[in-house]
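K.L.:
Handing you a structure now.
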Amino acid sequence: MFTWLRNRWQRTGMTAYLSHPDCLKHNMGVGHPECPERLTAIRDQLMAAQLFDFLDEVEAPEVTREQLARVHSPGYVDYLESCAPSVGTFRLDPDTAMSPGTLPAARRAAGAVVRAVDLVLGGAAPNAFCAVRPPGHHAESARSMGFCFFNNVAVGAAHALAQHRLERVAIVDFDVHHGNGTEEIFKDDPRVLMVSTFQHPFYPYSGDTPLGPNMCNVPLKAGSKGDAFRAAVEAHWLPALDAFRPQMLFVSAGFDAHREDDMGSLGLVEADYEWVTRQLAALAARHCQGRIVSVLEGGYELSALARSVVAHLRVLSEA
């Protein structure tokens with residue numbers, strides 16, 4: 001089946017939907033919010049919404065060490081490999097644990113973004129969504145944290161810069177938690193602009209003071225709803241992105257700012273995710289030929305997560 005799915009984009013040019021069964025095998029234990037059911041909930045809701053008729057499923061490859069080395073130190077990759085258990089779990093921090101399926105899943109998650117970049121920049125797909133786990137935006141160059149091991153979106157952005165010779169890429173992050181890992185990796189790279197919103201003060205207790213001039217961080221206080229989020233996008237993100245004129249847009253698409261998600265205390269709803277995706281699609285049309293690669297980050301209330309991804313992908317599939 002996956003051979004057919006892998007080749008279908010060559011005939012249609014629709015939004016690429018990248019995932020892999022290995023992403024279901026990472027399991028941090030019973031009751032952990034970052035669970036395999038996140039991906040099955042998304043898939044079920046997309047099927048119910050009949051959106052798969054407008055998506056091309058592509059099997060995510062494994063990332064290579066060369067691709068990881070653009071954003072992660074070799075010693076860090078070696079450390080994760082040495083910690084991988086053959087049975088049970090190995091805890092890296094109170095929130096983040098490795099199971100036997102973790103590294104295969106993490107390699108596919110990062111590899112999905114690399115493949116998505118190749119598809120979009122090669123003209124085979126107008127945009128792409130990577131339905132992958134574990135998430136990545138908390139992973140720093142040499143540190144795992146916050147459920148994250150490899151920084152998937154950073155690996156993809158670095159691939160676009162190195163392999164495709166782009167000069168400017170932008171990363172948009174609307175997860176309820178600040179993408180500290182992405183900021184740490186790119187804080188000194190003027191080829192990358194990162195814009196973000198996140199609840200503050202809140203885990204990982206960073207972002208209120210940007211690490212570099214290429215970071216446009218907009219903290220939102222607990223209880224903020226869609227009006228505050230939209231105001232932040234219009235007042236801060238869009239002017240910064242228009243001035244930067246990215247050649248490709250990446251999205252760290254975390255849906256845990258949804259009002260039903262008790263991981264945080266923001267109040268976004270599906271209409272807000274649809275709205276922001278439309279703003280980003282319009283900006284991408286202005287500056288980068290519509291080229292967007294979106295990567296799943298957070299979102300832990302399964303129904304709200306799945307409905308929000310449908311809202312996000314409905315816009316991407318129309319772009």
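The values are calculated or read from the model by the stated rules, or taken from the named source; none is laboratory data. Quantities reported herein were computed from a predicted structural model and do not represent experimental measurements. Because the Cβ atoms are built from the backbone with ideal geometry, glycine has one as well, and the counts that use them run over all protein chains shown. We work out accessible area using only protein heavy atoms, side chains counted, and drop any ligands, DNA or RNA first. Shrake-Rupley method; radii C 1.70, N 1.55, O 1.52, S 1.80 Å.
K.L.:
Could you compute the FRET efficiency for A231 and D78, with r as their C-beta to C-beta distance and R0 at 35 Å, rounded to 0.05? Walk me through the intermediate numbers first.
P.N.:
On the way: r = 45 Å, r/R0 = 1.28.
My answer for the efficiency is 0.20.
K.L.:
May I pose another question? How much of the accessible area of the chain, in percent, comes from carbon and sulfur atoms when a 1.4 Å probe is used?
P.N.:
On the way: 6160 of 11960 Å².
For the chain, the apolar C and S fraction of the accessible surface comes to 51 percent.
K.L.:
Might you tell me the accessible area per residue for the chain, computed with a 1.4 Å probe and given in Å²? Don't skip to the answer; put the middle values down first.
P.N.:
Values: 11960 Å² over 319 residues.
So the chain comes to 37 Å² accessible per residue, rounded to a whole number.
K.L.:
Hey, another quick one. Sticking with the crude label model, points 7 Å out along Cα→Cβ, report the distance from F90 to Q163 in nm, one decimal please.
P.N.:
Label at F90, label at Q163, 2.8 nm between them.
K.L.:
With charges only on Cβ, +1 for K and R and -1 for D and E, what is the dipole size of the range 85-239 about its Cα centre, in debye, rounded to 20?
P.N.:
380 debye
K.L.:
Whole number please: convex hull volume per residue of the Cα set in the range 71-151, in Å³?
P.N.:
About 90 Å³ per residue, rounded to a whole number.
K.L.:
Divide by every residue of the chain the summed helix terms, -39500 (n - 2.57) for each DSSP H run of at least 4, and state the resulting mean residue ellipticity at 222 nm, rounded to the nearest 500 deg cm²/dmol.
P.N.:
Value at 222 nm, helices only, nearest 500: -12000 deg cm²/dmol.
K.L.:
Can you find, among S265, A281, A253, the residue sitting farthest towards the positive end of the charge dipole of the range 248-287, where Lys and Arg contribute +1 and Asp and Glu -1 at Cβ?
P.N.:
A281
K.L.:
Given (i) 115; (ii) 172; (iii) 151 as candidate values of volume of the Cα convex hull per residue in Å³, which corresponds to the one derived from the coordinates?
P.N.:
(i)
K.L.:
Another question, if that's okay. So in the chain, what percent of DSSP beta bridges are antiparallel if you round to the nearest 5?
P.N.:
Beta bridges within the chain, antiparallel portion: roughly 10 percent.
K.L.:
A further question follows. With each label point set 7 Å from Cα along the Cα-Cβ vector, what nm distance links D242 and V30?
P.N.:
The modelled label-to-label distance comes out at 5.4 nm.
K.L.:
If the only charges are +1 at each Lys and Arg Cβ and -1 at each Asp and Glu Cβ, what is the size of the charge dipole of the range 2-128 around the Cα centre, to the nearest 20 debye?
P.N.:
220 debye
K.L.:
Express in nm, to one decimal, how much length is gained between Q50 and T209 on full extension, taking 0.36 nm for each residue of separation and deducting their alpha carbon distance.
P.N.:
Roughly 53.0 nm would be gained on extension.
K.L.:
Length gain on complete extension for the stretch A282 to R65, per 0.36 nm per residue less the alpha carbon to alpha carbon distance?
P.N.:
Difference between extended and current length: 74.6 nm.
K.L.:
Give, rounded to the nearest 20 debye, the magnitude of the charge dipole that the range 72-166 has about its Cα centre when Lys and Arg contribute +1 at Cβ and Asp and Glu contribute -1 at Cβ. Mind showing how you got there, number by number?
P.N.:
Numbers: 7 positive and 6 negative charges, 45 e Å.
Dipole of the range 72-166, to the nearest 20 debye: 220 debye.
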